[in-house]
Amino acid sequence: MKFSVARNVSPSTLYIVPTPIGNLEDITYRALSVLQSVDLIAAESVKHTGLLLQHFCIKASLFTLNIHNEVSGSLVLLSKLQLGYSIALVSRAGTPVISDPGYRLVYCCVQKKIRVIPLPGACAAVTALSASGLLSDRFCYDGFLPSKRILRLERLRFLSEESRTLIFYESTHRLIDSLEDILNIFGSDRHVVLARELTKFWESIYGAPVKKLLNWLQRDIIRCRGEIVLVVEGYKCNKYKKLTPNILYTLELLISKLPVKIAISLMTKIYNVRRNDLYDYVVSKTNRL
Ligand code: SAM
C-alpha cells in the first residue's frame, strides 16, 4: 500500500489519530503518514498499537497513555509537546478520547494553546448510527451505560424522554440486563438496533422493538457475542400525550402497591394529568397483557 512518506507533521502539535475498529483496511492514508512521521506515539496499548504499526511496516517510538496513568502521562506528554515534539494519540481502536483515554491530554493542550489536529476516521458509534435506519440528523451519544443496575436505571430514566436517537456502547455480558432495563424504562415498543462486530467477519446489524430483540437474542445467545453498539430510537410522544415515561413509571409503581382507583387518584394529585387518560392507559395495557 502506498502512502505519503514526506514528513508532513508540525512540531509542538498533538495529532488525534483514529485506528480501525476491526478491518485494517479502514486506516486512512493520512493516519499512516502521521503515524510514520511523528516523534512519538501516545498509545492506550503499546502491544496493540505495536502490532498495527508492524502490519503497516512503521517504526515508531511509543509511550503508554491509559486510564492508569492518564494524569501523570498527560503531563509528561505536555512537556514534550512544549519542547517541540510532534505526538500522535491513538487508542486500541476507533477514535481516541471517545470512551477512550486522551481527554486530559487534549484539555491540557487546549489550555496551554498547543495545537491539536484531529484526523477523521473510524468510530463505532457513528458507524452503527449510519446503518441503523434511525433518525440521524440529531443524536445523543451516551457512551457505556453504568454497570451497576441501580445507576443504569437512573441513567435510563434520565434519558427516557430524550427525543434524539440514543447511542450506547455495551459489553457482551451486560447486554441482556441492559436491554431488559431499556424495556422496563422505555417500554417494550421502543425500537433498538444492535450493531455487532462492525467491519469484521461476523458483522451483524439487527433492529426490532426491544421486546422482540430480547427474544431474538435469547433464541441464540451467540448473537450477544463480540463488540456491540446499541442504537435506540428517541422518545416519541405517545397518544396519551402527557403520559411521559416518568409518569408511567410512577403510575406502574403505585398500581403494583395500591388499588387502581387510589393509584390514579394519587397520580392526578402528583402530576397535572387527566384521570381519564390514566384510566385509558391502564385499560389499554391490561388488554395488551
Ligand atoms: N473509541 C472507540 C470508538 O471510536 O468507537 C470506542 C472505544 S470503547 C472502549 C470500545 C467499545 O466500542 C466496545 O465495547 C463496543 O461497544 C464499541 N465498539 C468498538 N469496536 C466495535 C465494533 N467493531 N463493532 C461494534 N462495536 C464496537
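The values are calculated or read from the model by the stated rules, or taken from the named source; none is laboratory data. Given the structure is predicted, the values throughout are model-derived calculations rather than measurements. All Cβ positions, glycine included, derive from the backbone under ideal geometry; neighbour counts span all protein chains shown. Ligands, DNA and RNA are stripped out before the accessible areas are found, and what is left, the full protein with its side chains, is counted by its heavy atoms. Shrake-Rupley method; radii C 1.70, N 1.55, O 1.52, S 1.80 Å.
Which residue, of 96, 146, 101, is open to solvent by less than 80 Å² (accessible area, probe 1.4 Å), within 16 Å of the ligand (Cβ to nearest atom), without any contact (Cβ under 8 Å) to a residue 24 or more places away in the chain and not hydroxyl-bearing (Ser, Thr, Tyr)?
146
Take segment 104-115 and flag every residue that is crowded, with 17+ Cβ neighbours inside 10 Å and touching a strand residue (DSSP E or B) at 6+ places or on another chain (Cβ under 9 Å).
105, 106, 109, 114
Please verify whether segment 251-274 includes one or more residues that are at pLDDT 90 or above, within 31 Å of the chain's Cα centre (by Cα) and within 16 Å of the ligand (Cβ to nearest atom).
The answer is no, given that none of the residues of segment 251-274 is at pLDDT 90 or above, within 31 Å of the chain's Cα centre (by Cα) and within 16 Å of the ligand (Cβ to nearest atom).
Taking the condition of a type in the set (Phe, Trp, Tyr), over 15 Å from the mean Cα position of the chain (by Cα) and open to solvent by 80 Å² or more (accessible area, probe 1.4 Å), does residue 201 pass?
Judged against the criteria, residue 201 is a match.
Within the set of pairs 6 or more residues apart or between chains, which connect a residue that is closer than 22 Å to residue 88 by Cα and in a loop (DSSP other than H, G, I, E, B) inside segment 120-135 to a residue that is charged (D, E, K, R) and open to solvent by 60 Å² or more (accessible area, probe 1.4 Å) with Cβ atoms less than 7 Å apart?
So the pair list comes out as 122/26.
When segment 187-201 is examined, which residues are found to be touching a strand residue (DSSP E or B) at 6+ places or on another chain (Cβ under 7 Å) and more than 10 Å from the ligand (Cβ to nearest atom)?
188, 189, 190, 191, 192, 193 - these are the residues of segment 187-201 that are touching a strand residue (DSSP E or B) at 6+ places or on another chain (Cβ under 7 Å) and more than 10 Å from the ligand (Cβ to nearest atom).
Return yes or no: is residue 120 open to solvent by 10 Å² or more (accessible area, probe 1.4 Å), within 16 Å of the ligand (Cβ to nearest atom) and within 30 Å of residue 79 (Cβ to Cβ)?
Yes, satisfied.
If you take the residues in segment 204-215 that are in contact (Cβ under 8 Å) with a residue 24 or more places away in the chain and within 16 Å of the ligand (Cβ to nearest atom), which one is most open to solvent (accessible area, probe 1.4 Å)?
The qualifying residue most open to solvent (accessible area, probe 1.4 Å) is 205.
Anything in segment 101-134 that is charged (D, E, K, R) and in contact with an Asp or Glu (Cβ under 6 Å, 6 or more places away or on another chain)? List them, or say none.
Scanning segment 101-134 gives a single hit, 104.
Here are some residues: 248, 230. Which one is in contact (Cβ under 8 Å) with a residue 24 or more places away in the chain and assigned to a strand (DSSP E or B)?
Matching residue, one of 248, 230: 230.
Do you know which residues across segment 30-50 are open to solvent by 60 Å² or more (accessible area, probe 1.4 Å) and within 14 Å of residue 91 (Cβ to Cβ)?
Listed by number, the residues that qualify are 47, 48.
Applying the selection to segment 154-177, what residues are in contact (Cβ under 8 Å) with a residue 12 or more places away in the chain, open to solvent by 10 Å² or more (accessible area, probe 1.4 Å), more than 14 Å from the ligand (Cβ to nearest atom) and outside any loop (DSSP other than H, G, I, E, B)?
Passing the criteria: 155, 157, 176, 177.
Condition (residue is surrounded by fewer than 23 Cβ atoms within 10 Å (Cβ to Cβ), within 21 Å of the chain's Cα centre (by Cα) and part of a loop (DSSP other than H, G, I, E, B)) applied to segment 72-91: is it met by at least one residue?
Looking for residues that are surrounded by fewer than 23 Cβ atoms within 10 Å (Cβ to Cβ), within 21 Å of the chain's Cα centre (by Cα) and part of a loop (DSSP other than H, G, I, E, B), one finds none in segment 72-91, hence no.
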